[in-house]
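Every read-out reported here was derived from the displayed coordinates using simple, explicitly stated rules and does not represent laboratory data. It should be emphasised that the depicted structure is a prediction, and the values quoted were computed from it without experimental measurement. A quick note on method: Cβ atoms are made from the backbone with ideal geometry, for glycine too, and the neighbour counts reach across all protein chains shown.
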Amino acid sequence: MTSSSSTHAFKMKLKPGHVAEYKKRHDELWPELAEALRGAGIHDYSIFLDEETLTLFAVLKRRSGAEFAAAFDTLAELPVMRRWWDFMAPLMEVEPNNKPLQQALPSMFHFE
């Protein structure tokens, strides 16, 4: 039996002059952060850049199930996630706690 997934899309914003560094840091994603994301059921996560506006568009898929829902909901409380936010804060627009400012994007079309 295969588990189903839910898709989440949101946008964030880079500060000018930080495109290359943002990409570099994600290309060198910390293994402990990757492990935390997998533990939260995230199995497919992409971030795209609109170079004209510096808007980042993120799409992730999360496995369904109570254990993954609980892990996903508490991801923001993990020390590794907090360290990542602090590490990335100089590059992007953030909330007072350094969490990236995110705006959820509603699904308008899907084709398989």
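What to note about this one:
- Fully extending the segment from residue 107 to residue 18, taken as 0.36 nm per residue of separation minus the present Cα-Cα distance, adds 29.2 nm.
- Tilt relative to the chain, helix 79-88 - C-alpha long axis, 0 to 90 degrees, to 10: 30
- Filtered GluC sites (Glu not before Pro), the range 1-91: DSSP coil and at most 13 other beta carbons within 10 Å: 28, 51, 52
- Spacing of the modelled spin labels on residue 58 and residue 87, each 7 Å from Cα toward Cβ, amounts to 1.4 nm.
- In the range 55-112, the chymotrypsin sites (Phe, Trp or Tyr not before Pro) that fall in loop regions by DSSP, at most 15 other Cβ within 10 Å: 109, 111
- By the equivalent-ellipsoid construction on the alpha carbon gyration tensor, the range 5-104 comes out with semi-axes of 23, 15, 12 Å, ordered largest to smallest.
- Ellipticity estimate at 222 nm from DSSP helix runs (n ≥ 4, -39,500 (n - 2.57)) divided over the chain, nearest 500: -9500 deg cm²/dmol
- Over the range 53-108, the Kirkwood radius and the radius of gyration, each from Cα atoms, give a ratio Rg/Rh of 1.00.
- A cut-off under 11 angstrom between Cβ atoms defines the neighbours of residue 78, and their net charge, with Lys, Arg +1 and Asp, Glu -1, is -1.
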